[in-house]
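Report on one structure; see the data block that follows.
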Amino acid sequence: MHFCTSTRTAVLLLILNLGLATVSAQGIGDSPYSAYGFGDLLPTGQVSQALMAGTGLAITEPYSVLLGNPASYSALARPVFEAGISFRSTRSSSSLKSTSASDANFTGFSIGIPFARGKWGLAMGLTPFSDVSYSTGRTVAFDGGNVNYKYTGSGGLDRAFVGLGRTLYSQRADSLGNRGTQVRFGADFNFIFGSIEQTRDAVYVPGTGYYNTKAFTSLVLRSPTADASLVWQGDLTKKMVKDADNWRWSVGASVDLPARFRASYSSLVTTYTVSTNIETVRDTTSNDQGVKGNVDLPVAFGLGIGVQNARWAFTVEMKQQDWSAVKLEVPGYQMPSPLRSALTTAAAVRFQPAIEGNILHRAVYRFGYRHVDAPQQVRGLGLSGDAATVGISFPLNAVQTNSWLHVGGEFGQRGSTADGLVQERYAALWVGLAFTPWRGERWFTAPKIQ
């Protein structure tokens, strides 16, 4: 995450009050692929959603805010606060060498509030949208010796959101408990903001008669955006007796509206020398500060289907956004390489053995798989990756509260070592908390005179 100082302080103090350890957000890893486009996109939401490969268009969670599906807010059973962290280890390999890196990432926070007897749901939060974090280099020989090129980048974009979900239509359940058809709709208002900072260094061997060159650029982006979703559910099978269980089907669709980012671009190119590890600037060859412009992002679509009963839930979904349609109107700024249409397909399973019994019976077991054709193109080749997720949601003192501790892992890889590229293999540990009030407490409920 890349919050301003005051926002980061407030968030970390809030996490401390809940008893969570503070973690400095450092992105998803030291990846050269984050140098392309607007960084690595981070669409998986809070931990319960991440452990199901980021799915959530066609299924609902009673104690979790699902990123990208505001229609699900009206299905919340109780008010909930969520936050989480992930610990990630990445091994990057090329045809020449391999390196390893570890980091930690704060997943942001979200708050969900059902009201009007479950007909409405409100959610708000702050989550990462993209991450830029890389440091790489190469050495090139020339007539006068060698020059070392160093490339570093940091920053990324964050997403603040507030949204409403509404149950548009709900059949009255019959005497056996068959719920019939339900239609839910929701919309989010988002504000995406952040900056991407990149540095390119050309360092010459001392005594060759060349000055070193450093080029620093900063792109600051701000934009209001909106997204909406619709979830349609119905009975796949019918209960024949009241205590029986039945299957329900669901279809979900989402759209992220096009967005126009206000951009501010700055660049500074200097020549310098190094003596006893101290850089001394010799000349400024270019200095452009605060150049204004716009960046237009295209529309995105999502579609999912699922089936579920009281114990099981199965879902598959896809999301598509044509990043090749991005329009840049920022004087002096260019993409490192063209972007392409991005497509994410994912499938997930959720299983809860029982609602009573010991903690392992009441726990929710989650599994998922995701394939991503990312928007980045490197040397004309598209970047693709696969990931598998597995995790458990443990109930915390379920007699009085429906709070959950989510723990699990994600294992994946992307890229390849062909054509001089880099293959990344990673393992991530996710830990999240979904906190709801005690049953004796009444959050967001107006007092009544008895």
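The values are calculated or read from the model by the stated rules, or taken from the named source; none is laboratory data. Quick caveat, the model's predicted, so the values are computed rather than measured. Note that each Cβ is placed from the backbone with ideal geometry, even for glycine, and that neighbours are counted across all protein chains shown. Protein only, heavy atoms only, side chains kept; ligands, DNA and RNA dropped before computing areas. Shrake-Rupley method; radii C 1.70, N 1.55, O 1.52, S 1.80 Å.
Looking only at segment 322-342, how many residues end up being out of contact with any Ser or Thr (no Cβ under 7 Å at 6 or more places or on another chain) and either part of a strand (DSSP E or B) or of a type in the set (A, V, I, L, M) (or both)?
8
Name the residue, out of Val307, Val364, that is more than 23 Å from Gln198 (Cβ to Cβ), in contact with a strand residue (DSSP E or B) (Cβ under 6 Å, 6 or more places away or on another chain), open to solvent by 40 Å² or more (accessible area, probe 1.4 Å) and touching a residue at least 24 places away in the same chain (Cβ under 8 Å).
Criteria check complete, one pass: Val307.
What do you reckon, is Ser110 touching a residue at least 12 places away in the same chain (Cβ under 8 Å), open to solvent by 10 Å² or more (accessible area, probe 1.4 Å) and of a type in the set (Gly, Ala, Ser)?
Working: touching a residue at least 12 places away in the same chain (Cβ under 8 Å): yes; open to solvent by 10 Å² or more (accessible area, probe 1.4 Å): no; of a type in the set (Gly, Ala, Ser): yes.
Against the criterion (touching a residue at least 12 places away in the same chain (Cβ under 8 Å), open to solvent by 10 Å² or more (accessible area, probe 1.4 Å) and of a type in the set (Gly, Ala, Ser)), Ser110 does not qualify.
Can you report the number of residues in segment 343-375 which are under 16 Å from Gly306 (Cβ atoms) and in a loop (DSSP other than H, G, I, E, B)?
1
Of the residues that sit in segment 311-331 and are open to solvent by 70 Å² or more (accessible area, probe 1.4 Å) and more than 25 Å from the chain's Cα centre (by Cα), which one is farthest from Thr344 (Cα to Cα)?
Among them, the one singled out is Pro331.
Cβ-Cβ distance below 9 Å, separation of 6 or more or different chains: which pairs start in segment 87-98 with a residue that is farther than 15 Å from Ala387 by Cα and end on one that is hydrophobic (A, V, I, L, M, F, W, C) and part of a strand (DSSP E or B)?
Phe87/Ala104; Phe87/Ala428; Phe87/Leu429; Phe87/Trp430; Phe87/Val431; Ser92/Ala101
Filter segment 340-361 down to residues that are open to solvent by 50 Å² or more (accessible area, probe 1.4 Å), within 18 Å of Val390 (Cα to Cα) and among the polar types (S, T, N, Q), then give me how many there are.
Adding up the residues that qualify gives 1.
Taking Ser175 as meeting all but one of (1) open to solvent by 60 Å² or more (accessible area, probe 1.4 Å); (2) out of contact with any Leu (no Cβ under 8 Å at 6 or more places or on another chain); (3) part of a strand (DSSP E or B); (4) not aromatic (Phe, Trp, Tyr), write down the number of the exception.
(3)
Which ones in segment 79-98 are in a loop (DSSP other than H, G, I, E, B) and modelled with pLDDT of 90 or more?
Passing the criteria: only Pro79.
Of the numbered conditions (1) within 27 Å of the chain's Cα centre (by Cα); (2) over 23 Å from Asn212 (Cα atoms); (3) open to solvent by 50 Å² or more (accessible area, probe 1.4 Å); (4) modelled with pLDDT under 95, Asp131 fails exactly one; give the number of that condition.
(3)
Of the residues that sit in segment 134-166 and are over 17 Å from Asp227 (Cα atoms) and of a type in the set (Val, Ile, Thr), which one is modelled with the highest pLDDT?
Going through the qualifying residues, I end up with Thr152.
What about Ser102, is it in a strand (DSSP E or B), open to solvent by 20 Å² or more (accessible area, probe 1.4 Å) and within 24 Å of Gly194 (Cβ to Cβ)?
Numbers: in a strand (DSSP E or B): yes; open to solvent by 20 Å² or more (accessible area, probe 1.4 Å): yes; within 24 Å of Gly194 (Cβ to Cβ): yes.
Yes; evaluated as a whole, the condition is true for this residue.
State whether one or more residues within segment 188-196 are more than 21 Å from Thr270 (Cβ to Cβ) and surrounded by fewer than 17 Cβ atoms within 10 Å (Cβ to Cβ).
yes
Could you tell me whether any residue of segment 198-220 is under 30 Å from Thr280 (Cα atoms) and touching a helix residue (DSSP H, G or I) at 6+ places or on another chain (Cβ under 9 Å)?
yes
So which of Tyr365, Tyr369 is within 27 Å of Leu122 (Cα to Cα) and at pLDDT 95 or above? Let's see the steps before the verdict.
Working: Tyr369 fails: within 27 Å of Leu122 (Cα to Cα).
Tyr365 is the lone residue from the list that is within 27 Å of Leu122 (Cα to Cα) and at pLDDT 95 or above.
What's the total number of residues in segment 380-406 that are part of a strand (DSSP E or B), open to solvent by 50 Å² or more (accessible area, probe 1.4 Å) and in contact (Cβ under 8 Å) with a residue 40 or more places away in the chain?
Summing the residues that are part of a strand (DSSP E or B), open to solvent by 50 Å² or more (accessible area, probe 1.4 Å) and in contact (Cβ under 8 Å) with a residue 40 or more places away in the chain in segment 380-406 gives 2.
Output the number of residues of segment 176-214 satisfying the condition of being among the small types (Gly, Ala, Ser) and modelled with pLDDT of 95 or more.
The number of residues fulfilling the criteria is 4.
Ala71 fails exactly one of the following numbered conditions: (1) part of a loop (DSSP other than H, G, I, E, B); (2) open to solvent by less than 10 Å² (accessible area, probe 1.4 Å); (3) modelled with pLDDT of 90 or more. What is the number of that condition?
Every condition holds for Ala71 apart from (1).
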